[in-house]
Structure formats: C-alpha cells, structure tokens
Amino acid sequence: MYLIRIVSFLVFCTFALGCGSSSAWNSDPLTSGQGFSLKGTCDHRTNSNASDRQCREWRGDFFRSADLAVSCAAIDGGAYIQDPCPSENLIGTCVLDEGKATETRFLYYDNDWNINSAEIHCADKDLASRGLGSTTSIWRQPID
C-alpha cells in the first residue's frame, strides 16, 4: 500500500509540474537560457559499457530535491559535477521528457558514437512511442 502511495504521488507530481507550454523555447533550446535550469550533471563517458558512455544533465524541477550525486555514483564511471556537460566533440543530444519536470538530456560524443548510432540509441529511450510508458525522447544535433 505504501508503494502505491509513493508511485501515485510521483505520477501526480510529474503531471502537476510537467504541464506548461514549450513555446518559450527559442530556435536552439539546448543552448539558450530558456527552459529548465541545470540541477546537476553526471559525466559517465568512461563507463565500461560503450552503450552507456554519455554525459547526462538533469534539468527538470523534479530533480531539484533529488540526491543527484548519489544517483551519479551508482552509474559505472559516473562523475557528478555542477557544470554543464562539455561541448567539445559533441555530436548530438537526446532530450527526454522535454519541457516536463523530469527533463533529462543525454549528450553523445564522437569518440564513442557516430550520429546514426546515437540517434537510434536516443529513439530506444522513447517509451511512449512504443506504448511502454510516458517517457518521450527527441534527438537534436548541435547548431553550428
């Protein structure tokens, strides 16, 4: 019963905080000052599993009170930092739940990924399109 209450509360919070308009985004939401502010970063580009080598930015308000350093430490090769992920050698970003309280960004780099494989990996994170959940993903390449 306790677990059901927690899950119900988290679902309610996700919907209550996740509503709103994404019209505030400019043409490059990944580099603009608009949108959600950075809550924390987990750089796990040294992960022993090549398919987990990205840098993750937690941006949604849901993560404001989470212990992100503990979450990052649980990821193989994870290093928690307060700064944004590096932009050097960046080939693209997978944005999960864009504009919602659970917005998370996974940044992909050319030393471990090519654009095609990173885009496919991002699409695999889109559970909503497969009817497996509510998580959505959007692939974005850097704007030159």
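The values are calculated or read from the model by the stated rules, or taken from the named source; none is laboratory data. Just so you know, these numbers come straight off a predicted model, no measurement behind them. Glycine gets a Cβ as well: all are built from the backbone with ideal geometry, and neighbour counts include every protein chain shown. Side chains are part of the model used for accessible areas, which takes the heavy atoms of the whole protein and leaves out ligands, DNA and RNA. Shrake-Rupley method; radii C 1.70, N 1.55, O 1.52, S 1.80 Å.
Only one of (1) farther than 20 Å from Thr135 by Cβ; (2) open to solvent by 30 Å² or more (accessible area, probe 1.4 Å) fails for Arg64. Which number is that?
If we test Arg64 against (1) farther than 20 Å from Thr135 by Cβ; (2) open to solvent by 30 Å² or more (accessible area, probe 1.4 Å), just (1) comes out false.
Could you grab me the full set of residues in the range 37-61 that are surrounded by fewer than 13 Cβ atoms within 10 Å (Cβ to Cβ) and either among the hydrophobic types (A, V, I, L, M, F, W, C) or under 19 Å from Val95 (Cα atoms) (or both)? If you could, list the steps in order and put the result at the bottom.
Residues of the range 37-61 surrounded by fewer than 13 Cβ atoms within 10 Å (Cβ to Cβ): 37, 46, 48-51.
If the condition is that a residue be surrounded by fewer than 13 Cβ atoms within 10 Å (Cβ to Cβ) and either among the hydrophobic types (A, V, I, L, M, F, W, C) or under 19 Å from Val95 (Cα atoms) (or both), then Ser37, Ala50, Ser51 are the ones that fit.
Considering only the range 96-144, state which residues are among the hydrophobic types (A, V, I, L, M, F, W, C), free of Cβ contacts under 8 Å to residues at least 24 places away in the same chain and touching a Ser or Thr at 6+ places or on another chain (Cβ under 8 Å). Spell out the reasoning first.
Start the filter on the range 96-144 by keeping residues that are among the hydrophobic types (A, V, I, L, M, F, W, C), which leaves 96, 101, 106-107, 113, 115, 118, 120, 122-123, 127-128, 132, 138-139, 143.
Right, trim to free of Cβ contacts under 8 Å to residues at least 24 places away in the same chain and you get 120, 123, 127-128, 132.
Within the range 96-144, Ala123, Leu127, Ala128 meet the criteria.
Mind checking which residues of the range 89-104 are open to solvent by less than 10 Å² (accessible area, probe 1.4 Å) and part of a loop (DSSP other than H, G, I, E, B)?
Result: Ala101, Glu103.
Got at least one residue in the range 72-88 being in a strand (DSSP E or B), touching an Asp or Glu at 6+ places or on another chain (Cβ under 8 Å) and open to solvent by less than 30 Å² (accessible area, probe 1.4 Å)?
No, that holds for no residue.
Starting from residues that are of a type in the set (Ser, Thr, Tyr) and open to solvent by 10 Å² or more (accessible area, probe 1.4 Å), keep the ones in the range 105-134 and report whichever is nearest to Ser51 (Cα to Cα).
Initial filter on the range 105-134 (of a type in the set (Ser, Thr, Tyr)): 108-109, 117, 129, 134.
Narrowing the set further to residues that are open to solvent by 10 Å² or more (accessible area, probe 1.4 Å) leaves 117, 129, 134.
Details: Ser117: 10, Ser129: 21, Ser134: 22 Å.
Result: Ser117.
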